[in-house]
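The values are calculated or read from the model by the stated rules, or taken from the named source; none is laboratory data. If you're wondering where the values come from, they're calculated on a predicted model, not measured in any experiment. Methodologically, a virtual Cβ is constructed for each residue, glycine included, from the backbone with ideal geometry; neighbour enumeration extends over all protein chains shown. For the accessible areas, the whole protein counts, side chains as well, though only heavy atoms, and no ligand, DNA or RNA atoms are used. Shrake-Rupley method; radii C 1.70, N 1.55, O 1.52, S 1.80 Å.
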Amino acid sequence: LRRLDNPESVIDQSFPFKIGKFEEQGRNIVVSRRDILEEERQVQREEIKKTLSEGIRVQGEVTSIRDFGAFVDIGGIEGLLPISEIAYGRVEDINEVLKVGQQLELVVKRIDWDENKFSFSLRDTLADPWAGVTNKYPAGTQVTGKVSRLAEFGAFVTLEEGIDGLVHISKLGEGRRINHPREVLKVGQDFAVTVEKVEIEQRRISL
């Protein structure tokens, strides 16, 4: 069903085939395994259509990886696992997290049979790191995090996997005015901060 990069790998293997062309009294025969696989897949699709619904968990296999996410086959249909749905934390390089052929447990996020578009979430199968944030990081808590991203208005600091807080630029200059956080910080740097405010509904922490 998908491109075979090493066709020599199937030498000496046996499969069922469908005859697509039979000419010259058998001297010119073209056969297809794909036709059979597509028929089997259509049967799978009709079966999964009876049970598939948004919010349920499914098992799938990663079939290809792109910058924006990964395509996953759950048997009968293939859908997209967006990079934003892989983890609670920011995923910089999807290839460091996923690989082709990897088996995943996913939550179905969106089903559109008419457009043949399906999307999944790996993040929704993981424990929500924000569940205990209020107790773990009350105002006044001092903690060391890692600078994950710099913006004109401040620096984002990762306190733990999936939990980032913002240090506004006005809190970075040690009393002096700076034009950009890069003047005093760099991405990847360990950074000691104090929690000022936790807004759990907005999933926002001010540092």
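Each row is one residue, and each column tells you yes or no for (1) more than 30 Å from residue 149 (Cα to Cα); (2) exposed (fewer than 12 other Cβ atoms within 10 Å of the Cβ); (3) in contact with a strand residue (DSSP E or B) (Cβ under 6 Å, 6 or more places away or on another chain); (4) modelled with pLDDT of 95 or more.
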| position | (1), (2), (3), (4) |
| --- | --- |
| 4 | yes, yes, no, no |
| 87 | no, no, no, no |
| 93 | no, yes, no, no |
| 100 | no, no, yes, no |
| 114 | yes, yes, no, no |
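Among the residues in region 51-59, are any among the aliphatic types (A, V, I, L, M) and over 21 Å from residue 2 (Cβ atoms)?
There is at least one residue in region 51-59 that is among the aliphatic types (A, V, I, L, M) and over 21 Å from residue 2 (Cβ atoms).
Against the condition in contact (Cβ under 8 Å) with a residue 40 or more places away in the chain and either among the acidic types (Asp, Glu) or open to solvent by 60 Å² or more (accessible area, probe 1.4 Å) (or both), how does residue 8 come out, does it pass?
no
Which pairs do you get when a residue that is free of Cβ contacts under 8 Å to residues at least 40 places away in the same chain and closer than 26 Å to residue 160 by Cβ, found in region 65-92, comes within reach of a residue that is basic (Lys, Arg) and open to solvent by 30 Å² or more (accessible area, probe 1.4 Å), reach meaning Cβ atoms under 6 angstrom, with the pair 6+ apart or on two chains?
Close Cβ pairs (under 6 Å, with a partner that is basic (Lys, Arg) and open to solvent by 30 Å² or more (accessible area, probe 1.4 Å)) amount to 85/123.
Given the condition farther than 23 Å from residue 92 by Cα and surrounded by 15 or more Cβ atoms within 10 Å (Cβ to Cβ), answer yes or no: does some residue in region 154-171 qualify?
yes
Only one of these is out of contact with any Phe, Trp or Tyr (no Cβ under 7 Å at 6 or more places or on another chain), more than 30 Å from residue 46 (Cβ to Cβ) and in contact (Cβ under 8 Å) with a residue 60 or more places away in the chain: 125, 158. Name it.
The unique qualifying residue is 158.
Can you name every residue in region 132-148 that is open to solvent by less than 90 Å² (accessible area, probe 1.4 Å) and in contact with a Ser or Thr (Cβ under 9 Å, 6 or more places away or on another chain)?
139, 140, 141, 143, 145, 147, 148
Out of region 14-38, which residues are in a loop (DSSP other than H, G, I, E, B), open to solvent by 100 Å² or more (accessible area, probe 1.4 Å) and closer than 27 Å to residue 75 by Cβ?
14, 17
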